[in-house]
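Single-structure report; data block below.
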Amino acid sequence: MSFLKSVLKQYDLVVDKLKLDDGVRERLRYPKRSLIVSIPIEMDTGKMKVYKGYRVQHDVTLGPSKGGIRYHPNVNLKEVTALAMLMSWKCALIQLPYGGAKGGVCCNPKIMSQKEIERLTRRFTTEIICAVGPEEDILAPDMNTNMQTMAWMMDTYSMQKGHTVLGVVTGKPLVLGGSMGREEATGSGVYYMVKESAKVIRKELKGLKVVVQGFGNVGSIAARLLFEEGCKIIAVSNSKGGIYNKRGINIKNLIQHVKENKKIADFPDVDNITNEDLLTLDCDVLIPAAIEGQITRYNANNIKAKIIVEGANGPTTPEADKVLHDKNVLLIPDILANSGGVIISYFEWVQDLQFYFWKESDVQQRLKEIMRNTFDRVLLLSREKKIDTRTAAWMLGISRISEAQKIRGLYP
Ligand code: GLU
């Protein structure tokens, strides 16, 4: 099943529970606006190559749309549409004044030079400029994009407007109106969610056995913060495969190793493990922080973790959700677990609009407060209604948007 199909299947289940009327249900099923653009750029060889890019704005009822830009060979309109929908539910669940959007370019940045990536970024930003802006649609990092990419986007937008506009992009470097804590935000949020979940199952963080799939910006930071708290990180992986040591991996050393060697392979004192085997290891906490569609009906039954905290967007399919719920696994769904990124993005945007910047401690305090509060609301609803936590989180998000739509009324 495609990722979009599985997201729509989940959507149908949730709106049935919410008993939304047909019009509202239909309206939120489709994005408000989808943009497909051609991005011609000159490669270092002097030849021209044309890439395909997308920006999908799913809903803007609660405010401007918000969401990241990913660069990946699998990016396509359906995937971006599904991810934009998830952003709508995520922003509404956290009660941010935002709708949801997502964008991406189908490319392989791992085989492109920095100059080629810069040209791609600048031309892509120019092609979607008609639909973005600090009050319309605000861009951010996602898979394979980073602070530098955001700086180029902000510069391109600003050059075309004729003045510097900080609030069109979040996830920028500090010197360009970025926020304290943004780079580590998603990983920090995942760490807070593991902490809260451990309390629920009455386990100490110290000695907790953790497995992390994906060692990028989200997985490596969550792993480091948990390692510093005394958790035993027994396995980690990236797209090429994983490493395992049942006594625990020294994550600080691993981060240094990855920095120097650009790979997790060949790290001392570990066994190699495939991504499939890693998911079903005996552990307390599993953090899927790579890509969508990893926990499926084929492997859900073999999962031994008591807690799953979804760092990635969409790592679990609806069939697997059911299996995990029946097995009593405490699952913290993506739209809550990885919301640290968009929460600090929101803080960054507020700071940019006010030209007034906050201390790191204020940022962390507010992030923690919002995430804990949302965690409590999701768990409470899931217990009250005897439903799984993903359904509860989606219900909270979708009902907020539909309530706002009802009060705004239908134009014209
Ligand atoms: N790409 C991140 C996400 O999926 C962050 C989005 C943002 O900061 O706007 O939530």
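The values are calculated or read from the model by the stated rules, or taken from the named source; none is laboratory data. Remember, it's a predicted structure, so these values are computed and weren't measured experimentally. So basically every Cβ, Gly included, is an ideal-geometry build from the backbone, and we count neighbours across all protein chains shown. Accessible surface is based on the protein model in full, side chains and every heavy atom, while ligands, DNA and RNA are left aside. Shrake-Rupley method; radii C 1.70, N 1.55, O 1.52, S 1.80 Å.
List, please: which pairs have Cβ atoms under 9 Å, are six or more places apart or on different chains, and start with a residue in region 158-183 that is at positive phi and end with one that is within 16 Å of the ligand (Cβ to nearest atom) and basic (Lys, Arg)?
Partner pairs satisfying both residue conditions: Gly171/Arg182.
Quickly run through region 241-257 and pick out the residues that are farther than 18 Å from Leu226 by Cα and not small (Gly, Ala, Ser).
Scanning region 241-257 gives a single hit, His257.
Among the residues of region 244-256, is there at least one that is without any contact (Cβ under 8 Å) to a residue 40 or more places away in the chain, aliphatic (A, V, I, L, M) and touching a Ser or Thr at 6+ places or on another chain (Cβ under 7 Å)?
There is at least one residue in region 244-256 that is without any contact (Cβ under 8 Å) to a residue 40 or more places away in the chain, aliphatic (A, V, I, L, M) and touching a Ser or Thr at 6+ places or on another chain (Cβ under 7 Å).
Being polar (S, T, N, Q), under 23 Å from the mean Cα position of the chain (by Cα) and closer than 23 Å to Met193 by Cα is the filter here; which residues of region 223-270 pass it?
Matches in region 223-270: Ser237, Asn238.
What are the residues in region 112-134 that are farther than 21 Å from Thr45 by Cβ, in contact with a helix residue (DSSP H, G or I) (Cβ under 8 Å, 6 or more places away or on another chain) and not aliphatic (A, V, I, L, M), if any?
Thr125, Thr126, Gly133, Pro134
How many residues are within 19 Å of the chain's Cα centre (by Cα) and basic (Lys, Arg) if we restrict to region 367-403?
3
Mind listing whichever residues of region 221-232 are buried (at least 23 other Cβ atoms within 10 Å of the Cβ) and not in a helix (DSSP H, G or I)?
Matches in region 221-232: Cys231 only.
With respect to the numbered conditions (1) within 18 Å of Ile307 (Cα to Cα); (2) surrounded by fewer than 17 Cβ atoms within 10 Å (Cβ to Cβ), which one is the sole condition not fulfilled by Asn250?
Of everything listed in (1) within 18 Å of Ile307 (Cα to Cα); (2) surrounded by fewer than 17 Cβ atoms within 10 Å (Cβ to Cβ), Asn250 misses just condition (1).
Can you tell me which residue in region 360-383 is farthest from the ligand (Cβ to nearest atom), limited to those that are among the polar types (S, T, N, Q) and under 14 Å from Ser188 (Cβ atoms)?
The residue in question is Ser361.
Condition check ((1) open to solvent by 20 Å² or more (accessible area, probe 1.4 Å); (2) at pLDDT below 95; (3) within 20 Å of the chain's Cα centre (by Cα)) across all residues:
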{"residue": "Ile273", "(1), (2), (3)": "yes, no, no"}
{"residue": "Cys283", "(1), (2), (3)": "no, no, no"}
{"residue": "Pro288", "(1), (2), (3)": "no, no, yes"}
{"residue": "Ile291", "(1), (2), (3)": "yes, yes, yes"}
{"residue": "Thr296", "(1), (2), (3)": "yes, no, yes"}
{"residue": "Ala300", "(1), (2), (3)": "no, no, no"}
{"residue": "Lys304", "(1), (2), (3)": "yes, no, no"}
{"residue": "His325", "(1), (2), (3)": "yes, no, no"}
{"residue": "Ser339", "(1), (2), (3)": "no, no, yes"}
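Which members of region 355-367 meet the condition of being more than 16 Å from Cys91 (Cα to Cα) and open to solvent by 50 Å² or more (accessible area, probe 1.4 Å)?
Phe355, Tyr356, Phe357, Lys359, Glu360, Ser361, Asp362, Gln365
Can you tell me which residues in region 399-412 are assigned to a helix (DSSP H, G or I) and farther than 15 Å from Leu96 by Cβ?
Answer for region 399-412, where residues must be assigned to a helix (DSSP H, G or I) and farther than 15 Å from Leu96 by Cβ: Ser399, Ser402, Glu403, Gln405, Lys406, Ile407, Arg408.
So which of Arg390, Arg372, Arg400 is buried (at least 17 other Cβ atoms within 10 Å of the Cβ), in contact with an Asp or Glu (Cβ under 8 Å, 6 or more places away or on another chain) and modelled with pLDDT of 95 or more?
Arg390
When residues of region 174-187 are filtered for being under 23 Å from Leu225 (Cα atoms) and open to solvent by less than 30 Å² (accessible area, probe 1.4 Å), how many remain?
The qualifying residues number 7.
Residues of region 131-160 being farther than 15 Å from Pro73 by Cβ and open to solvent by 60 Å² or more (accessible area, probe 1.4 Å), which ones?
Passing the criteria: Glu135, Glu136, Asn146, Gln148, Met159, Gln160.
Condition first: under 26 Å from Asp59 (Cβ atoms), open to solvent by 10 Å² or more (accessible area, probe 1.4 Å) and of a type in the set (A, V, I, L, M, F, W, C). Now tell me which residues in region 106-130 satisfy that.
Cys106, Ile129, Cys130
When region 161-173 is examined, which residues are found to be in contact with an Asp or Glu (Cβ under 6 Å, 6 or more places away or on another chain) and either over 19 Å from Ser65 (Cα atoms) or open to solvent by 10 Å² or more (accessible area, probe 1.4 Å) (or both)?
Leu166
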